[in-house]
Amino acid sequence: MKRTHHCSELRPAHAGQTVILEGWVHSRRDLGGLLFIDLRDREGRTQTVFDPADIPADLVARAARLHSESVIRVSGLVRPRPTGTDNAKIPTGQVEVMVRELTILNEAAVLPFPVDDPELANKVNEELRLQYRYLDLRRPEMMRNLRTRSKVAIATRSYMDEQGFLEVETPTLFKSTPEGAREFLVPNRRDPGTFYALPQSPQQFKQILMVSGVERYFQLARCYRDEDLRADRQPEFTQVDIEMSFIDREDIYALIEGLLKVVWRTALGREIPTPFKRISFQEALNRWGIDKPDTRFGMELVDLSEDFRGSKFGVFGNAVANGGHVKAINAKGLAGATQGQLETMTEYAKSFGAKGLAFIKVEGGEWKSPIVKFFNEAEKAALISKLAIEEGDLILFAADQWLNACEILGKIRLYCAEVLKTQGKLVIPTDRFDFLWVVDFPLLSYDKEMNRWYSSHHPFTAPVAEDIPLLTTDPKKVRGQHYDIVVNGVELGGGSIRIHQPDVQKTIFEDVLAIPAEETQSRFGYMLEAFKYGAPPHGGIALGFDRLCAILCGTTSIRDVIAFPKTAKGVDLMTQSPANVSARQLKELHLEVKAAKKDA
Ligand code: ASP
């Protein structure tokens, strides 16, 4: 008694055959003695019929008592469905199986939620779905996501293999390195007070592999970051991690464009045009106010600094006089924004240190705004022509240092787009993919509170060669050989050409980032040492694999493409991890837990 077919396979051509199917009771209908069970397995569904005219009454009765999701085996005869009862929604909708024998392999208890409801995700809270993840994964929508993820992983591996890459596994018990995020630590029983750290990325190992002569490395690498989680973050996540020797940025662009072509073809059957557009960090900020712009809609930032130089409106005039910028966006159709919406936008401005948010509502042929009275005719004319102002528009301004002004409006632009979308005034096509390379990032950013420079990407990123002399004289002008790949406003990944000369790397650590020499030695000494023995020029990139799969599956949450994700609090609700450990385990690890603070 072995199954002969999957529940997706039977067609009218199978009529007259005796088949054996195994699977879960998806749904059941009792039509006055005649019982229909939709049987489901991983591949699909088939209608089975228990007809008391054909089989003993007790067999029908046993079937009628089955709870949904019980596991059964049936054997029976395939026949075309009676005229008019076809189900065009499923591929097996033209046939049914007249059951002769039923084996109950395992009866299911009453379920915490129905598995056969395609709208379930909107009805049941996600915590319940995560607690019973095995049931949630049985839903065809989730099974489809797992399948897409698997296909994309396999396509990635074979593409990388064709391109001459070796898949190399790197350790997940690593040591603490200041790469940016907070780390998970693992106590070392053998040497009290020492710890492994789970890697934030295989960055250092993949660079060392280049020194080893591997030339082309990749890995579907698990990475760990102990950050406060946001909607699209998980404490552990997967990257397509890549490193190559003897290359420049163009090689990375071509490799990734080729990979994404294969991936889009595999998952969606879509051909994506390459090469992708490239824009500089400067242009991305100037036009969209963000380094990962969603270019599927306009509402671009407009620079009005020259128009308001010397303006009587002090907020604008002074910003320009202090070397800052006046920028604006036109949220077309949003003149009716509510007080609450304006307050949300004002909060964004304030979170960047602005005192408030200037705006103009264009309603009833008038400019309604507390600031318009300060504008002269030339300033008004500049606004009309540069922002194409019309009835119904909402104009929003930022006057600040360049980066702040851009970032404030960048956030407000996305917020306005969401509001306009829900009002049906803006349509952002979900089946369009706007890929972009964002390049020419500043190598360094300044931390005002700490009063020091830090790496915009990570400390291994090479400066653009001609900017190296500026490293010690004018660090903010140094561009990094860093690139990000962005699609529809989502950062899919990023990487850089690396520093391969030990002296330049040492200068970055000690002179530019001001890491004390002993610390450089204890944390990165082995790398500087390795670089002395023939390090080839190299560079690489990492793509967020969970995010990539989420985009391909058309979901905004990476939890939908991870089999066993954690909640925003970092908890696995199914296994109840993390959990307490025994006093003996703690002792072995030379650890002591101070009384947990309840509210901390
Ligand atoms: N290690 C970097 C990251 O995880 C990517 C790279 O530079 O290749 O973001």
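Within the range 322-380, restricting attention to residues that are among the aliphatic types (A, V, I, L, M) and part of a helix (DSSP H, G or I), which residue is surrounded by the fewest Cβ atoms within 10 Å (Cβ to Cβ)?
Residue satisfying both the conditions and the ranking: Ala378.
Looking at the structure I just gave you, is Phe441 under 31 Å from the mean Cα position of the chain (by Cα), at negative phi and within 16 Å of the ligand (Cβ to nearest atom)?
Yes.
Could you tell me which residue of the range 213-245 is surrounded by the fewest Cβ atoms within 10 Å (Cβ to Cβ), considering only residues that are of a type in the set (A, V, I, L, M) and within 18 Å of Val490 (Cβ to Cβ)?
In this case the residue turns out to be Ala231.
Quick one: in the range 449-471, which of the residues that are outside any loop (DSSP other than H, G, I, E, B) and polar (S, T, N, Q) is farthest from the ligand (Cβ to nearest atom)?
Pass one, the range 449-471, residues outside any loop (DSSP other than H, G, I, E, B): 452-455, 461, 463, 465-467, 470-471.
Restricting the remaining residues to those that are polar (S, T, N, Q) gives 455, 461.
Details: Ser455: 11, Thr461: 7 Å.
It comes out as Ser455.
Based on what the data block shows, is Asp474 under 17 Å from Gln282 (Cβ atoms) and out of contact with any Leu (no Cβ under 8 Å at 6 or more places or on another chain)?
The answer is yes for Asp474.
Name the residues in the range 119-136 that are open to solvent by 20 Å² or more (accessible area, probe 1.4 Å) and either under 22 Å from the mean Cα position of the chain (by Cα) or farther than 18 Å from Val25 by Cα (or both), would you?
Glu119, Ala121, Asn122, Lys123, Val124, Asn125, Glu126, Glu127, Leu128, Gln131 - these are the residues of the range 119-136 that are open to solvent by 20 Å² or more (accessible area, probe 1.4 Å) and either under 22 Å from the mean Cα position of the chain (by Cα) or farther than 18 Å from Val25 by Cα (or both).
Quick check on my filter: what residues within the range 214-247 are of a type in the set (D, E, K, R) and at pLDDT below 95?
Hits for the range 214-247 are Arg225, Asp226, Glu227, Asp228, Arg230, Asp232, Arg233.
Can you pull out the residues in the range 472-506 that are open to solvent by less than 10 Å² (accessible area, probe 1.4 Å), over 28 Å from the mean Cα position of the chain (by Cα) and more than 15 Å from the ligand (Cβ to nearest atom)?
Once the filter is applied, which keeps residues that are open to solvent by less than 10 Å² (accessible area, probe 1.4 Å), over 28 Å from the mean Cα position of the chain (by Cα) and more than 15 Å from the ligand (Cβ to nearest atom), the range 472-506 yields only Val478.
Residue by residue through the range 121-140, note down the ones that are out of contact with any Asp or Glu (no Cβ under 8 Å at 6 or more places or on another chain) and part of a helix (DSSP H, G or I).
Passing the criteria: Asn122, Glu126, Glu127, Leu128, Gln131, Arg133, Tyr134, Asp136, Leu137, Pro140.
For the range 158-202, how many residues are among the small types (Gly, Ala, Ser), within 16 Å of the ligand (Cβ to nearest atom) and under 30 Å from Val262 (Cα atoms)?
Final tally of qualifying residues: 1.
The values are calculated or read from the model by the stated rules, or taken from the named source; none is laboratory data. In this text the structure is predicted, and so the values were computed from the model without any measurement. Every residue, glycine as well, gets a Cβ built from its backbone with ideal geometry; the counts of neighbours run over all protein chains shown. Heads up: the accessible areas ignore ligands, DNA and RNA and are worked out on the full protein's heavy atoms, side chains in. Shrake-Rupley method; radii C 1.70, N 1.55, O 1.52, S 1.80 Å.
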